[in-house]
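Below: the structure, in structure tokens.
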DNA sequence: GAAGATTTGAGGTACGTCCCTCAAAATGCT
DNA sequence: AGCATTTTGAGGGACGTACCTCAAATCTTC
């Protein structure tokens, strides 16, 4: 049988009230008594029954998840995963509010976060680029003891409590290694396409990619990043132009979105399936593209895991409970047609 | 506020006792009343507070995990992961007993499982090859309403409640695709090495591998499987012989264990790093081999996830609670040096 | 050693659910 | 209608913890 607070009281030779005061760090206990209780705790191997504790507290965890308001399939997929995770988390007295901010409007985001401070929010998960305004908002939340978890894109220069997501640089390296090996030994050129090189993630991925290419595949020339600014038309245009003016393009590395536009452009040029294409994130589009052979590999993070992990970490932070690192570390997944996971509705 | 059983009672116009009877499927309630209660439940969106329920039940789940008693690093790693998962699961009143059976002695295993029947075990997770004896033992457990979860290696022709692990055939296909792409366009031969081709897993992996090779890489010749029977000496011998008698060996596919022996053999022959090597499962050995470039890729399943998943599924089965498929589906992971996850102590 | 402050004990209620008992009410059957 | 049977209600104790109050015991300090 697991020891309870009563066992500790008996073992330490104090009353239940004192054990309770020690356990919950309430004042009015002598140092000596605190030590005696802690001794009993470790001697009996007592572990607080969190479920019972939360029941007694009848605590409700209101968590907020803040995502950019883009139509990007990845963000949509993530939002869905978060809803699922929230439904499950409801079983453990957690309620999750999903908020969206206009993607380019950092001040709107800051206002949103400031607003959250007023309400009794137990934690915030945030997917946003690191700008000064965001840094200030995060600091402000932390000052009020509200845990903040960075989602998908890290906020390394803020006081965020935790980052849930994969290392963008390492995922770029992974993409690079696959690209190099898939291209084979012959010299080739690789096109790199991004939405915007102002995004930390794109920069990091590209850095990782280049790192590996330079080191391991010197015969491959990686060209300058083409920016699409999220526009399919621009993507079509720059890709067609680049392909017309450059020979030996053997690979395309898509740092961000635009898989559909890329596939149709390649298809028009009769190149579909003849160029090694590697992208990021598993969405309905990339899934379909993998299945039909339009993409060769996708570097992804498991969004279901991401969502559950974010909520678990927020919860742990709110409870001031330790985090199981091995469970909360997301893996950089390499997905090809052969190991495509089932889609689950 | 979340609705409680009291709210349901009020809403349905019945007493607390009746709501309780319905919720816990106790007898002695008219069909009509059951419907009324269920209506109230769905109307109010009631979700049972599992924590409180378990507290009240003060139920202890004794789970047993049965693994073969091999020194294989994979099994060792899995055992470690299970211990970690068990430690965490202890927080939710679950205790896990880890049992080992002599790898080749199916009758010893059967006796072990029969012995479990006597004790009040709430569930069994089992990693074992599917033999008639095992089939009978599983059936017997199920007859006593003890849930059985197959671990790592499926038991498809038994009445096991669930399988936690990856599809061996699909992981063979994944290995095949990587092998083909890593080899490049030129013709080559691929050696396949297994411990024993009597193991279902080895067969399945090989089938998947061949499938892809035949379809997508006709220029590659996949040779007959060499069996090592777990002996490093045998491995050294057969590999050296095969390499001496066969030209153009560009790749080696290791279906089971033997990474260290293979590396040292290749090293002696001056071939280390010149042959595309693909193996299975992430263990300290394969991790080191990936890091040093001795292996090019490993097809793996996340053992931490595997362990947690097995315990969660057992728990759900014991509680007769639905399973979150998307959380319990293990992914076929492709691991190369660039996306090697951290080792976590 | 007395007054004051600090520390400890005893006891209670609550959280939401399970599970038990016993009596009361409703229903079915002849 | 009367009886047996089934269904329902009312109530209480338990699980392990949190949090509250009030009194008693123990320490300080002069």
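Among what's in segment A:306-330 and is out of contact with any helix residue (DSSP H, G or I) (no Cβ under 7 Å at 6 or more places or on another chain) and within 8 Å of another protein chain (Cβ to nearest Cβ), pick the residue that is nearest to residue B:298 (Cα to Cα).
A:329
Got a sec? Which of B:79, B:108, B:85 is closer than 30 Å to residue B:165 by Cβ, more than 12 Å from DNA strand C (Cβ to nearest atom) and without any contact (Cβ under 8 Å) to a residue 12 or more places away in the chain?
On the way: B:79 fails: without any contact (Cβ under 8 Å) to a residue 12 or more places away in the chain; B:85 fails: without any contact (Cβ under 8 Å) to a residue 12 or more places away in the chain.
Of the residues listed, the single one that is closer than 30 Å to residue B:165 by Cβ, more than 12 Å from DNA strand C (Cβ to nearest atom) and without any contact (Cβ under 8 Å) to a residue 12 or more places away in the chain is B:108.
Output yes when any residue across segment B:315-335 is crowded, with 23+ Cβ neighbours inside 10 Å, out of contact with any strand residue (DSSP E or B) (no Cβ under 9 Å at 6 or more places or on another chain), under 30 Å from residue B:50 (Cα atoms) and at pLDDT 90 or above, and no when none is.
From segment B:315-335, those crowded, with 23+ Cβ neighbours inside 10 Å are B:332-335; that's our starting set.
From what is left, the residues that are out of contact with any strand residue (DSSP E or B) (no Cβ under 9 Å at 6 or more places or on another chain) are none.
The answer is no, given that none of the residues of segment B:315-335 is crowded, with 23+ Cβ neighbours inside 10 Å, out of contact with any strand residue (DSSP E or B) (no Cβ under 9 Å at 6 or more places or on another chain), under 30 Å from residue B:50 (Cα atoms) and at pLDDT 90 or above.
Residues of segment A:12-30 being surrounded by fewer than 16 Cβ atoms within 10 Å (Cβ to Cβ), more than 8 Å from DNA strand C (Cβ to nearest atom) and over 35 Å from the mean Cα position of the chain (by Cα), which ones?
Matches in segment A:12-30: A:26 only.
Out of segment A:49-66, which residues are more than 8 Å from DNA strand C (Cβ to nearest atom) and out of contact with any helix residue (DSSP H, G or I) (no Cβ under 6 Å at 6 or more places or on another chain)? Step through it out loud before you land on a result.
So in segment A:49-66, the residues more than 8 Å from DNA strand C (Cβ to nearest atom) come out as A:49-51, A:53-54, A:59-66.
Matches in segment A:49-66: A:49, A:50, A:53, A:54, A:59, A:60, A:62, A:66.
What do you reckon, is residue B:284 within 12 Å of chain A (Cβ to nearest Cβ), within 21 Å of the chain's Cα centre (by Cα) and surrounded by fewer than 18 Cβ atoms within 10 Å (Cβ to Cβ)?
no
Out of curiosity, is residue A:40 outside the structural domain of residue A:139 (by TED's automatic domain parsing), more than 9 Å from DNA strand C (Cβ to nearest atom), closer than 22 Å to residue A:320 by Cβ and assigned to a loop (DSSP other than H, G, I, E, B)? Write out each step before concluding.
Numbers: outside the structural domain of residue A:139 (by TED's automatic domain parsing): yes; more than 9 Å from DNA strand C (Cβ to nearest atom): yes; closer than 22 Å to residue A:320 by Cβ: yes; assigned to a loop (DSSP other than H, G, I, E, B): no.
Here the answer is no, as residue A:40 does not meet what is asked.
Given the criterion under 27 Å from residue B:304 (Cα atoms) and assigned to a loop (DSSP other than H, G, I, E, B), identify the matching residue among B:70, B:97, B:88. It would help to see each step written out before you state the result.
Values: B:97 fails: assigned to a loop (DSSP other than H, G, I, E, B); B:88 fails: assigned to a loop (DSSP other than H, G, I, E, B).
Selected residue: B:70, the only one of B:70, B:97, B:88 that is under 27 Å from residue B:304 (Cα atoms) and assigned to a loop (DSSP other than H, G, I, E, B).
Do the conditions hold for residue B:333, that is, is it touching a helix residue (DSSP H, G or I) at 6+ places or on another chain (Cβ under 7 Å), within 10 Å of chain A (Cβ to nearest Cβ) and within 18 Å of residue B:181 (Cα to Cα)? Before you say what the answer is, go through the steps one by one.
On the way: touching a helix residue (DSSP H, G or I) at 6+ places or on another chain (Cβ under 7 Å): no; within 10 Å of chain A (Cβ to nearest Cβ): yes; within 18 Å of residue B:181 (Cα to Cα): yes.
No.
Has segment A:108-115 got any residue that is away from DNA strand D (no atom under 15 Å from the Cβ), under 20 Å from residue A:200 (Cβ atoms) and in a strand (DSSP E or B)?
So far as segment A:108-115 goes, no, none of its residues is away from DNA strand D (no atom under 15 Å from the Cβ), under 20 Å from residue A:200 (Cβ atoms) and in a strand (DSSP E or B).
State the number of residues belonging to segment B:10-44 that are under 30 Å from residue A:61 (Cβ atoms), touching a helix residue (DSSP H, G or I) at 6+ places or on another chain (Cβ under 8 Å) and free of Cβ contacts under 8 Å to residues at least 24 places away in the same chain.
Looking only at that region, the number is 5.
Looking at this structure, is residue A:290 surrounded by fewer than 21 Cβ atoms within 10 Å (Cβ to Cβ) and either within 12 Å of another protein chain (Cβ to nearest Cβ) or without any contact (Cβ under 8 Å) to a residue 40 or more places away in the chain (or both)? Show your work before the answer.
Values: surrounded by fewer than 21 Cβ atoms within 10 Å (Cβ to Cβ): no; either within 12 Å of another protein chain (Cβ to nearest Cβ) or without any contact (Cβ under 8 Å) to a residue 40 or more places away in the chain (or both): yes.
Spelling it out, it is not the case that residue A:290 is surrounded by fewer than 21 Cβ atoms within 10 Å (Cβ to Cβ) and either within 12 Å of another protein chain (Cβ to nearest Cβ) or without any contact (Cβ under 8 Å) to a residue 40 or more places away in the chain (or both).
When segment A:1-11 is examined, which residues are found to be more than 8 Å from DNA strand D (Cβ to nearest atom) and farther than 14 Å from residue A:45 by Cβ?
Scanning segment A:1-11 gives A:9, A:10.
Rundown of residues vs (1) more than 14 Å from chain B (Cβ to nearest Cβ); (2) more than 30 Å from residue A:196 (Cβ to Cβ); (3) touching a strand residue (DSSP E or B) at 6+ places or on another chain (Cβ under 9 Å), yes/no style:
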residue: A:13; (1), (2), (3): yes, yes, no
residue: A:26; (1), (2), (3): yes, yes, no
residue: A:38; (1), (2), (3): yes, yes, no
residue: A:46; (1), (2), (3): no, yes, no
residue: A:49; (1), (2), (3): no, yes, no
residue: A:60; (1), (2), (3): no, yes, yes
residue: A:83; (1), (2), (3): no, no, yes
residue: A:116; (1), (2), (3): yes, no, yes
residue: A:119; (1), (2), (3): yes, yes, yes
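Can you confirm whether residue A:60 is over 30 Å from residue A:152 (Cβ atoms) and either within 16 Å of DNA strand D (Cβ to nearest atom) or modelled with pLDDT of 90 or more (or both)? Outline the logic, then answer.
Details: over 30 Å from residue A:152 (Cβ atoms): no; either within 16 Å of DNA strand D (Cβ to nearest atom) or modelled with pLDDT of 90 or more (or both): yes.
Spelling it out, it is not the case that residue A:60 is over 30 Å from residue A:152 (Cβ atoms) and either within 16 Å of DNA strand D (Cβ to nearest atom) or modelled with pLDDT of 90 or more (or both).
From the list A:53, A:17, exactly one residue is within 30 Å of residue B:312 (Cβ to Cβ), near DNA strand D (Cβ under 10 Å from one of its atoms), assigned to a helix (DSSP H, G or I) and not assigned by TED's automatic domain parsing to the domain that holds residue A:311. Which is it? Spell out the reasoning first.
Working: A:17 fails: within 30 Å of residue B:312 (Cβ to Cβ).
Exactly one residue qualifies, and that residue is A:53.
Does residue B:260 satisfy the criteria of being in the same structural domain as residue B:193 (by TED's automatic domain parsing), at pLDDT 90 or above and either surrounded by fewer than 17 Cβ atoms within 10 Å (Cβ to Cβ) or over 25 Å from residue A:335 (Cβ atoms) (or both)?
Values: in the same structural domain as residue B:193 (by TED's automatic domain parsing): yes; at pLDDT 90 or above: yes; either surrounded by fewer than 17 Cβ atoms within 10 Å (Cβ to Cβ) or over 25 Å from residue A:335 (Cβ atoms) (or both): yes.
Judged against the criteria, residue B:260 is a match.
Can you tell me which residue in segment A:167-182 is farthest from residue A:329 (Cα to Cα), limited to those that are surrounded by fewer than 23 Cβ atoms within 10 Å (Cβ to Cβ) and more than 8 Å from chain B (Cβ to nearest Cβ)?
Only one residue fits best here, namely A:169.
The values are calculated or read from the model by the stated rules, or taken from the named source; none is laboratory data. All values reported here derive from a predicted model rather than from experimental measurement. Cβ coordinates were reconstructed from backbone atoms using ideal geometry, including for glycine residues, and neighbour counts include every protein chain displayed.
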